[in-house]
Amino acid sequence: MIVVFLGPPGAGKGTQAAFIVEKYGIPQLSTGDMLRGAVAAGTPVGKKVKAIIDSGELVSDEIVAAIVEERIEAEDCAPGFLLDGFPRTVAQAEMLDAMLEKKERQVDIVVELRVDQEALVDRLRNRIREAEERGDPVREDDNEETFKKRLGVYGEQTAPLIPYYEKQSKLKGVDGMGGIEAVSAEIAARLDEIKR
Ligand code: C5P
Ligand code: MG
């Protein structure tokens, strides 16, 4: 089962991904985590993308698509995988469709986590506070100014994926405003509907 998670920053994609990995035994492919890993490791890609990530803009379609294309070759992706944070543009969605088609695979379902705009900034503030309480470093792009930039980028560049996947009859909207477990239950219900 190939699942795409769609939703603005702070919608809970990463949180819900952990539950899906556990319940369905498919890996989470978080392109944001992969990019941050490349930055931390100081790879050539990492050096190229650091300033872009810190500004809240998007890394080029070619770079992220190449990362995903390589990652899905791994054996753990054979039963399926969950894409968290990719695609982020219609061009990336088209690249994804093309790379999956070559393998005679396809996206099975796109879960859109719907959360009120005002709730997102509150969630960001919680995320920062929790990281600080744990003594973890706060992400460079998790400050209010960059976060608002990321919300704008989502609306302009990523939200067009909603009609893109609606047209493919793959989009399932899930109310992301409830508690973590309530949202998990709704996602599981949507996934079980399509799972053979
Ligand atoms: O997905 P996540 O919120 O972790 O992504 C953090 C940042 O990484 C984004 O704001 C963006 O700068 C970059 N990114 C990207 N393209 C992706 C995933 C992440 O440009 N597919
Ligand atoms: Mg994330």
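The values are calculated or read from the model by the stated rules, or taken from the named source; none is laboratory data. What you are looking at is a predicted structure, and each value in this text was computed from that prediction instead of being measured. Glycine gets a Cβ as well: all are built from the backbone with ideal geometry, and neighbour counts include every protein chain shown. Accessible surface is based on the protein model in full, side chains and every heavy atom, while ligands, DNA and RNA are left aside. Shrake-Rupley method; radii C 1.70, N 1.55, O 1.52, S 1.80 Å.
In this structure, does residue 160 turn out to be free of Cβ contacts under 8 Å to residues at least 60 places away in the same chain, of a type outside the set (Lys, Arg) and surrounded by fewer than 17 Cβ atoms within 10 Å (Cβ to Cβ)? It is false that residue 160 is free of Cβ contacts under 8 Å to residues at least 60 places away in the same chain, of a type outside the set (Lys, Arg) and surrounded by fewer than 17 Cβ atoms within 10 Å (Cβ to Cβ). When you check residue 92 against the structure, is it in a helix (DSSP H, G or I) and of a type in the set (S, T, N, Q), yes or no? Here the answer is yes, as residue 92 does meet what is asked.
Considering the range 132-147, the residues that are under 20 Å from residue 35 (Cα atoms) and within 14 Å of ligand 1 (Cβ to nearest atom) include one that is surrounded by the most Cβ atoms within 10 Å (Cβ to Cβ), namely 147.
Just the residues that are charged (D, E, K, R) and away from ligand 1 (no atom under 14 Å from the Cβ), please, taken from the range 13-31. Correct list: 22, 23. Name every residue in the range 32-62 that is within 11 Å of ligand 1 (Cβ to nearest atom), over 16 Å from the mean Cα position of the chain (by Cα) and not acidic (Asp, Glu), in order of residue number. Hits for the range 32-62 are 38, 39, 49, 50, 51, 52, 55. Restricting attention to the range 161-196, report how many residues are in a loop (DSSP other than H, G, I, E, B) and under 15 Å from the mean Cα position of the chain (by Cα). Result for the range 161-196: 1.
Within the range 171-185, being of a type outside the set (A, V, I, L, M, F, W, C) and surrounded by 13 or more Cβ atoms within 10 Å (Cβ to Cβ) holds for 172, 173, 176, 178, 184.
Condition first: part of a helix (DSSP H, G or I) and open to solvent by 70 Å² or more (accessible area, probe 1.4 Å). Now tell me which residues in the range 95-122 satisfy that. Listed by number, the residues that qualify are 101, 102, 117, 118, 122. Here is a check on your reading of the model: is residue 79 within 14 Å of ligand 1 (Cβ to nearest atom), at pLDDT 95 or above and in a loop (DSSP other than H, G, I, E, B)? Criteria not met by residue 79.
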